[in-house]
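Everything below concerns the one structure shown next.
The values are calculated or read from the model by the stated rules, or taken from the named source; none is laboratory data. Remember, predicted model here, so these are calculated numbers, not experimental data. Here the Cβ positions follow ideal geometry from the backbone for every residue, glycine too, while neighbour counts run over all protein chains shown. Just so you know, the surface numbers come from the protein's heavy atoms only, side chains and all, with ligands and any DNA or RNA stripped out. Shrake-Rupley method; radii C 1.70, N 1.55, O 1.52, S 1.80 Å.
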Amino acid sequence: MKFKDLARWLEEPIEGVPALENRRLNAVRGFFARLTTPLIPDDYLHLVNPLWSARELRGRVVEVRPETADSATLVIKPGWGFRFDYQPGQFVGIGLHINGRWHWRSYSLISPPARDEGVISIAVKAMPEGFLSTHLVGGVKPGTIVRLAAPQGDFTLTEPPPEKILFVTAGSGITPVVGMLRTLARRDEIADIAHIHSARRSDDIMFRAELSGYEERAGYQLHLQLTTEDGKFMPEMLDEHFPDWREREVWACGPQALLDNLEVYMEEQGRAGHLHVERFTINRTANAGEGGTVKFRRSGKAVEVDGATTVLEAGEKVGVRMPFGCRMGICHTCVAELSEGFVRDLRSGRESNPGERVKTCVNTPAGNCTFEL
Amino acid sequence: MAITDIKEYAHLTTEDVEALGRELDQIRAEFEESLGESDARYIRNTIRFQRSLEFGSRAVLFASWFPPAWVLGTVGLGVAKIVENMEIGHNVIHGQWDWMNDPEIHSSTWEWDISDPAAHWKQTHNHMHHKYTNVVGLDPDVGYGLLRVTRDNRWTPFNLGNPIYNFILAALFEYGVAIQHLELGKVAAGKKDREEFEELRAEVLKKIAKQIGKDYVLFPALTGPAFLTTLAANFTANVIRNFWSNAIIFCGHFPDGAEKFTKEQYRNETPAEWYLRQMLGSANFKAGPIMRFMSGNLCYQIEHHLFPDMPSNRLKDIAARVEALADKYDLPYTTGSFPKMYLQTWRTIAKLALPDRYLTATRDDAPETNSELKFRIRGGLKDTFAGIDPVTGARRGLRSAMNATKKQRGIVPAIRKLIGRPATPAESVRALQAA
Ligand code: FES
């Protein structure tokens, strides 16, 4: 038997489980998995130390640092299996255990991808309706174990980064851009960056000191739009603040309206191909279904909803026990079988047929439909 | 013939049954609402305990050439396997812990330490058995396709071996469960899709190979000089687990008083009647804290059947509420000591090895199966016992009627003695009518 075959044989029982980076260790893990079947060694090891498992990415909160009155930076040390090869601008899923249940949300990474420090950070802003974000900002203690979903997202800088960049951000939309800025600063690649950031008041500006620091170096100019004093930022103001903006590649992140306006304006100005946006919330109006009555067969419940209400929300309205995770279509926890009728995916507009298993958190009824829940 | 009209049998009106259903819904909602941190801690601790016990027992078995170590390791491993199968595996696969939203303790990902693949179990058990509970011909657990456990199944000479099959099934229970989803009977009759069957068979064989490889090859080999004693220990632990889980499960539906139902009853059933069927078709047994834990809380089989995805640690409190409901609606709440319930299952299985003509009771009035005819045959008992007692104002229903008929049961042996031979079913009916 060749070594490769042996390695493959050893690793066979842990196929389908995230592999360890160290191949040799992974083969040992595979061997022991034959003894621990149907479990894997990780299932025993993580009872000793929660971070000793690559079956599920985990992390330990090492620091909670307040940024503003209602936002904080969380520094997390990931456990086995986490890869530090993410791109600045990407987001990571965080699972937090509260009152017996795991709650998931995704947050932009603000730390430059660097293995040597062994930690990642995210910035969280407490939202008035956001149960989890409030908890993350105010209630998490260092030492807490969190679950992690591998970094993903395509709101990233091109490689190598363009000479001239424009960032347009608002509120907590600044977080992925801070990740980019930190990475560029670390690599000393800040060449020519223009940045427009909107916040309500100056107290609300996240990373204020850090931004000032960048302002002091060459190549970074910031325009702050304080909306309670200066009014809303409109794309037409670009000419006023950065007349050369048409030469820049644009990355924008913030509320729906801002991104919509910017998209329209850039299109008009013939720069549509040079805009990269990140939407934190799903746009419900663009591809909404017509709505209808959603029936839940097993629970025997039904509810009539409009085309902007997801199946998940519909079920929760009438007290059906709906499984859910990230609530934005990335974790697959909320998958359920559509037994009758049609639903439409809010993001893609794709219609699903009876018999398909769909993500209830991002699908809205397109007419009447029935779910096996 | 098993129960065809559950309302008539239960001495309840449509409104009564619907009201009962609403009360049960209310209980479910209340308990679901109250799930929280302490429940999550319970299952995590249970898992931690089970894994530590298994690890420790396997470690002790490295010295299994030393008899006390053998005994300690074997018993420990047996207990660990029981806990893994009963309180953890069965309950997790039911989705009892899905509310935690924890991918590692979730019905969609859990695989258990037994020959049956979890995905198959979700079909035969979670779906078929729990939906069609005790419906003769639909519920695969009524006799497991091997045993005659009710007079509703026609006797064939094959049934003469009933007690022997039961013993073999108990010893090899994990394999019996593993092949249940293959539906070998249907395959033999050519009624099952060949390709589907082969796919399922491959899954079962793969799982069995993994289990056997671990317990009978790898672990013994790892203990080196203790190879044979470790092998024997693992084998014994598996057999202990098999007998135990078989006993617990049989006590859920085969003791006297766990009723069987016809497809007619199932066909027109409302959700509230489904609840009622679960109550009448299941049986509990009395248990202290250790027994509760070791049975995976299936000592509360009635409550588990009413709410299959309710976390097991809550069934004890739910049971108090359900028993109160049974009192209110004058319904039987079948329970007894574990030995009593287990012996009843054996007694029925032994008895039903024989053809009906050697048995005294009829299909409508037997310890293991009753029907609404029982009360018709007994002439007017239904009328007498339905409704409200004019004197005490208490509701009188099935339980009162059952108690009354029980008192009259002494007549049958008396007549049998009188005529000097076992009564045929027809004779028993006549005797009853005369009484
Ligand atoms: S909760 Fe989102 S994919 Fe589901």
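Numbers at a glance
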quantity	calculated
Efficiency of FRET between B:N45 and A:R200 - r from beta-carbon atoms, R0 35 angstrom, step 0.05	0.15
Of all accessible heavy-atom area on the protein assembly as shown, the percent that carbon and sulfur account for (1.4 Å)	57 percent
B:E37 versus B:A232: modelled label distance in nm, points set 7 Å from Cα along the beta carbon direction	5.0 nm
Taking region B:6-321 and dividing mean pair separation by its residue count, relative contact order in percent (alpha carbons under 8 Å, at least six apart)	25 percent
Full-stretch length increase - A:F31, A:T228 - with 0.36 nm per residue and alpha-carbon distance subtracted	64.6 nm
Residues of region B:6-321: accessible area per residue with a 1.4 Å probe, Å²	39 Å²
11 Å reach of a label modelled at B:V239, 7 Å along Cα-to-Cβ, counting backbone N of region B:144-177	B:171-172
Unit charges on C-beta of K, R, D, E only; dipole of chain A, Debye	1900 debye
Solvent-accessible area buried by B and A, counting both chains, probe 1.4 angstrom, square angstrom	2400 Å²
Linear extension gain, A:F131 paired with A:E12, 0.36 nm per residue minus alpha-carbon span	38.7 nm
Listed residues A:E210, A:E229, A:E278, most fluctuating in chain A (Gaussian network, C-alpha, under 10 Å)	A:E229
Cβ-derived FRET efficiency at R0 35 Å, A:M237 paired with A:E304, nearest 0.05	0.20
Length-normalised contact order for chain A - Cα pairs under 8 Å, 6+ apart - percent	11 percent
Under the Karplus curve 6.51 cos²θ - 1.76 cosθ + 1.60, θ = phi - 60°, whole-Hz ³J(HN,Hα) for region A:41-52, x wherever Gly or Pro sits	x, 3, 5, 8, 4, 6, 6, 7, 9, x, 7, 7
A:A191 paired with B:R376, simple spin-label distance in nm, labels 7 Å along Cα-to-beta-carbon	9.2 nm
Net +/- balance of residues flanking B:F338 in space, Cβ distance below 12 Å, scoring K and R +1, D and E -1	+3
Amide H within-cut-off set for A:L57, under 5 Å, with H built and near neighbours excluded	A:L148
Helix-derived mean residue ellipticity, 222 nm - over chain A, DSSP H n ≥ 4, -39500 (n - 2.57), to 500	-6500 deg cm²/dmol
Reduction of at least 40 Å² in accessible surface, 1.4 Å probe, comparing all protein chains with the chain by itself, residues of region A:299-327	A:R321
Interface residues, region A:88-115 - accessible area loss of 40 Å² or more versus chain alone, probe 1.4 Å	A:H97, A:N99, A:G100, A:R101, A:W102
Principal semi-axes in Å for chain B [√(5λ), Cα gyration tensor, largest first]	40, 26, 20
Listed residues A:R248, B:R399 arranged by accessible area, highest first, probe 1.4 Å	B:R399, A:R248
Accessible area (Å², 1.4 Å probe, nearest 10) - B:W346	70 Å²
Listed residues B:S282, A:S172, B:S38 arranged by accessible area, highest first, probe 1.4 Å	B:S38, A:S172, B:S282
